[in-house]
Structure formats: structure tokens, C-alpha cells
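Peer 1: Structure incoming, see below.
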Amino acid sequence: MFAPRLLDFQKTKYARFMNHRVPAHKRYQPTEYEHAANCATHALWIIPSILGSSNLYLLSDDDWETISAWIYGLGLCGLFVVSTVFHTISWKKSHLRMVEHCLHMFDRMVIYFFIAASYPNTEGIWELMTGGVFYCLGMVFFKSDGRIPFAHAIWHLFVAFGAGTHYYAIWRYLYLPSTVQAKVSK
Ligand SMILES: [Zn+2]
């Protein structure tokens, strides 16, 4: 939004990596390079998100933590799986972009809900805010499609960083046994 006005990639050699900007009612048309990057940047995180969720499940020591691990884990894995499937198979209609965007928003909301519900003190607040900042910065790229090469794939990476930071906060403050927590903070 800001940087793209200063730097017009359409006039550089990087333009071949980038689709042309399309009007809102038209389809999103990534270049072949961008299409591959869009799939890869989220496909990459499917296995780690499954492993991470299993880890929380194994660390659970009461029903609430087990249920939380399931719901959070399904949300986290679902985010990357659904996004990858969209990009791989049916990235044809522009409204799917909004579906994807809503999914990311939903994912963030679920995380904040869990934190608020299960951990009413301020531990982990910095990690949560950092994750939120990643997400907001990513929005700049989400809206810069056709102005910055690989803008959508960059947005994917920011989403992954944000999700990773939030995972860290949940793992450390909600699931890690307090004896280990003390060691981690030293
Ligand atoms: Zn996407």
C-alpha cells in the first residue's frame, strides 16, 4: 500500500514473477511462479502443525486441556490444509480469497478466545501481540497483489509466523508443566 507506490515492480525485471492487478470483480490470476509459491508456503506448514498439535495433546493433563488441544489443533492444521487445497485445486473464483481471509480471521479469534478463557493473567501477552503484529503486517501484502511479486505468498509466510508465535505462547504458558516453565525462563 505504501511501499508499492514508491517501488513499481511492474517496470522491473521482477514483473515476470507477478500477475497484473485485476479489478475486484475479476479473478485473481497469479503467475505460474506465484501459484507454486502460494501452494508451497502453506503446504510446508501442514506437517509441523500436525506435530505441534499432537505435542499439545500429549502434554494435556486434564479434560479442558485435551479438548483445547483438539480444537486448537484442528483449527491450526485446518488453516494450512484448507489454504493449500484452495490454492492447489480451486483457486479460480475471487470470492475464495475472501473465504481464505475469513478463515485466517477466525483462526486468530479462536486463539484469543482460548487465551482469554483459560489464562486470565498477563503471561504470554507479548507473544500474542507479536503474533498479532505479524498478522497485521501480512495484511499489507495481502492487499498488494499485482503490485509486489509473490505478495500473496509473502502474506502466507506472515500468517505462518503469526501462527507459530501464537503456538509458542500456547505451548509455553498453557501446556508446559510449571517445573519446566521455570527452567525455560532461566
Ligand atoms: Zn492464500
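The values are calculated or read from the model by the stated rules, or taken from the named source; none is laboratory data. If you're wondering where the values come from, they're calculated on a predicted model, not measured in any experiment. Every residue, glycine as well, gets a Cβ built from its backbone with ideal geometry; the counts of neighbours run over all protein chains shown.
Peer 1: Select from region 34-70 the residues that are of a type in the set (Gly, Ala, Ser) and more than 15 Å from the ligand (Cβ to nearest atom) and list them in ascending order.
Peer 2: Across region 34-70, the qualifying residues are 49, 52, 53, 54, 60, 68, 69.
Peer 1: For region 119-148, which positions are part of a loop (DSSP other than H, G, I, E, B) and either within 15 Å of the ligand (Cβ to nearest atom) or at pLDDT below 85 (or both)?
Peer 2: Correct list: 119, 120, 121, 122, 123, 124, 143, 144, 146.
Peer 1: Go through region 149-178 residue by residue and tally those that are surrounded by 21 or more Cβ atoms within 10 Å (Cβ to Cβ), within 15 Å of the ligand (Cβ to nearest atom) and β-branched (Val, Ile, Thr).
Peer 2: Going through region 149-178 one residue at a time, the tally reaches 1.
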